[in-house]
Amino acid sequence: MKGPDANDTSWVSIIFTITCITMSQILENSLYHKMLTAVMILILIFIVIRRLKVTLYDIQTQDSNINTFMSVKADYWISYIKDMIAYGLMAAIFFDFMFIKNSLAWLILLIIVVLFGLLILFEKKFEKKTDIFETNNTG
């Protein structure tokens, strides 16, 4: 019989981190950067597809009689776009630290932090005007 933690995959992140540290010491920098960039792009593709499937499912199953900002479909698409911007900003932080090695990197990081702050403000205002997040637990 399987235990309650049989499907636990938290060890994957630990193994991935150890592998990245080991590869950074063994491989030359350009090959290591190319490999990490490829992994990051694959992760972003996976996230976009997964969030798109969740958004489409939520639009189909959502009750149309709830309080919304525009409409159920529009609110979910706004939420999807907001999430994609957030994932894009996280990827920008990765690429900033990976490829930019001068004082411009700190300026780019400051711009990304300001954009994250604006995104959080937008999210708070948007959540006050719609009830789709109160009935949605798929996050």
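Quick check on my filter: what residues within region 101-111 are surrounded by 10 or more Cβ atoms within 10 Å (Cβ to Cβ) and at pLDDT below 85?
Within region 101-111, Leu104, Ala105, Trp106, Leu107, Ile108, Leu109 qualify.
Does Ile85 satisfy the criteria of being in a helix (DSSP H, G or I), in contact with a helix residue (DSSP H, G or I) (Cβ under 7 Å, 6 or more places away or on another chain) and over 30 Å from Asn29 (Cα atoms)?
no
Looking only at region 19-45, count every residue that is of a type in the set (Ser, Thr, Tyr) and either open to solvent by 50 Å² or more (accessible area, probe 1.4 Å) or modelled with pLDDT of 85 or more (or both) and tell me the total.
3
Would it be correct to say that Val12 is surrounded by 13 or more Cβ atoms within 10 Å (Cβ to Cβ) and either at pLDDT 80 or above or in a helix (DSSP H, G or I) (or both)?
no
Kindly provide the set of residues from region 46-76 that are open to solvent by less than 90 Å² (accessible area, probe 1.4 Å), among the hydrophobic types (A, V, I, L, M, F, W, C) and modelled with pLDDT of 80 or more, ordered by number.
If the condition is that a residue be open to solvent by less than 90 Å² (accessible area, probe 1.4 Å), among the hydrophobic types (A, V, I, L, M, F, W, C) and modelled with pLDDT of 80 or more, then Ile47, Val48, Leu52, Val54, Leu56 are the ones that fit.
The values are calculated or read from the model by the stated rules, or taken from the named source; none is laboratory data. If you're wondering where the values come from, they're calculated on a predicted model, not measured in any experiment. Cβ coordinates were reconstructed from backbone atoms using ideal geometry, including for glycine residues, and neighbour counts include every protein chain displayed. Quick note on the areas: whole protein, heavy atoms, side chains included, nothing else; ligands and nucleic acids left out. Shrake-Rupley method; radii C 1.70, N 1.55, O 1.52, S 1.80 Å.
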